[in-house]
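Since the structure comes first, as structure tokens, the remarks are kept for the end.
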Amino acid sequence: MNFVVFQKAVSTEEYFSGRYNFINWFTINIALLISTFLHAKGFMEELKKTSRKEVVEQKLIAKSANAQFESLKNQLDPHFLFNSLNVLSSLIDENPNQAQKFTASMSKIYRYVLEQKDKELVTVEDEIEFAKTYCQLLKTRFEDSVDFEFNVRKEDLRRFVVPLSLQLLLENCIKHNFATSSKPLLIKVFSENDTLCIENNLQTREQMKESAGIGLANIVQRYSLLTKKNVFIEKSEDYFKVKLPILSEKPNIVSVDIDTEDKAYERAQKRVKEIKGFYGNLISYCIVIPFLVILNLITNPHSYWFYWPMLGWGIGVVSHGMSVFAIGKSWEEKKIKEILEKNNQRYGK
């Protein structure tokens, strides 16, 4: 196109006669090398940007999940204390001697609550032992009105569940069902496939006041932050059952703290790399293009082909400079803010 059409230095027959083969081969390879270098460099820069973006997103997700998990765990302490004090208050009037025993048992149980509430998971064995102690406490109050059965497989004892989950579910059984000596409430704790089941015969009582809804909802939310396995609830006319997933290993909830200084350093580091990349591109342009000019004048002074790579690469350098020095960035930043605002409105943040 350059020799025949634009400069008209040679005819088509002469061009394809073989005289210009070496020059064409040489210049095409130089162009390909420059193009390959620029594309590879651009690809690596985009790959690094994408990797950094994914890391930041994962850190933010982990930070959000950790904050939610801590918030849920912090509900357990006052929730248990409040309900235990209610039970103790009613026992003082009904049976003062039993109230004393209840107080002693409650101190042991509350120690377990304080020890376990900050953990992500506990072994099924620990949770079962605690549940049995808690059941003894309930027996102190309800006597023959409540019965408990435990039938958990030995191989499941070393696996994991959410801490205090059994206590919260046992509490729900008592709270939502009436129990008398003639119609006792039977609560079963047993293994079923890969779940720990808590089942009670349904003897629903009328709710005198609205429930705070902390127990079961708390367990469901904590499991959702730890695993993809779901908590299942079954209800029929005769029974109510909750199935807790038993986990084989402890998942990791990463606690992330990204402070302002680290953010500023990352932004500054990114900015320096962008400027460094532009100046590297510019220096390469200033070195290679004069070399091509000299090569063109030496090998073929009658046909000027050097201005094609000079023009093409020059446009790339100008575009690179515009992107690095924020020319035209205002629209991009405005669009990013709009997208973030839409996402915040969508998720109610």
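The values are calculated or read from the model by the stated rules, or taken from the named source; none is laboratory data. Keep in mind that this is a model prediction, so the values were computed, not measured. Cβ: placed from backbone, ideal geometry, glycine included. Neighbour counts: every protein chain shown. Areas reflect the complete protein model, heavy atoms only, side chains present, ligands, DNA and RNA absent. Shrake-Rupley method; radii C 1.70, N 1.55, O 1.52, S 1.80 Å.
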Given 183-192, 39-48, the highest-first ranking by average Cβ count within 10 Å works out to 183-192, 39-48
Taking the Cα-to-Cβ direction at S11 and at D238 and moving 7 Å from each Cα, how far apart do the two end points lie in nm? 10.4 nm
Ranked highest first by the average count of other Cβ atoms within 10 Å around their residues, in what order do 165-178, 100-113 fall? 165-178, 100-113
Whole-Hz Karplus ³J(HN,Hα) for the range 199-206, in order, using 6.51 cos²θ - 1.76 cosθ + 1.60 and θ = phi - 60°, x for Gly and Pro? 10, 9, 5, 7, 9, 4, 9, 6
Residue-level accessible surface for E120, protein heavy atoms, 1.4 Å, Å²: 60 Å²
For the pairs K175/K235; K119/K235; K183/K241; K49/K119; K154/K188; K132/K241, note any where the Cα-Cα span goes beyond 26 Å. K119/K235; K49/K119
Just to be sure I understand the model, the point goes 7 Å from the Cα along the line to the Cβ. What's the resulting Y110 to T133 distance in nm? 1.4 nm
Take D194 and T50, extend 7 Å from each Cα along the Cα→Cβ direction, and tell me the distance between the two endpoints in nm. 3.2 nm
